[in-house]
1. Rounded to two decimal places and with Rh computed the Kirkwood way over Cα pairs, what is Rg over Rh for segment 18-76?
2. Which FRET efficiency value, to the nearest 0.05, is calculated for Val124 and Glu42 with the Förster distance at 41 angstrom and r the Cβ-Cβ distance?
3. At what distance in nm do the modelled label points of Leu73 and Arg112 sit from each other, each positioned 7 Å from its Cα along Cα→Cβ?
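Values quoted throughout were computed directly from the atomic coordinates according to the rules given, and no laboratory measurement underlies them. Fair warning: this is a prediction, and the values are worked out from it, not measured in the lab. Quick reminder, even Gly has a Cβ in these numbers, built from the backbone with ideal geometry, and neighbours come from all protein chains shown.
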Amino acid sequence: MHEAVHGIAAVRRVRDTSRAGRYHNRKFLAIAEELGLQQPGEPHPSSGFSSAELTPATQRRYRLTILRLQAALASHSVAMAADTARTFGGPAARHSLSTTGGRVRAICGCGRNVRIVSSVLARVPIVCGGCGKVFRVEDMAS
């Protein structure tokens with residue numbers, strides 16, 4: 001909800017923070033209140049109204065969503081605890097044992113191909129300037 005306040009402020013072109021984004025001002029609080037948040041006490045000296053939290057009514061309204069998010073976070077925590085030796089790097093990461101120094105061959109819809117480090121490809125999609133399709137590791141391209 002906190003980030004939703006920033007999103008609404010951005011769309012409305014409202015400056016909701018100062019001090020390089022650290023201090024959340026009264027404009028932030030006003031939008032937060034529209035979304036069902038409230039400030040639990042006095043503003044923090046350095047972060048302002050950033051600790052706005054759900055009102056009891058908002059908690060009731062989003063009860064099922066909150067429960068689903070809690071379950072998802074619990075599952076994620078269990079999965080991460082069970083696999084501490086690895087980190088998730090996206091689908092291309094499993095191809096990092098390539099003989100080309102960690103580079104994989106990625107192709108797009110029109111058949112162009114590039115050799116790229118799999119961790120770079122896993123971060124964000126790389127789009128072909130010719131066909132507009134995303135480059136994918138060969139066995140994932142279909």
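1. Numbers: Rg = 13.8 Å, Rh = 12.8 Å.
That ratio is 1.08, to two decimals.
2. 0.50
3. 4.2
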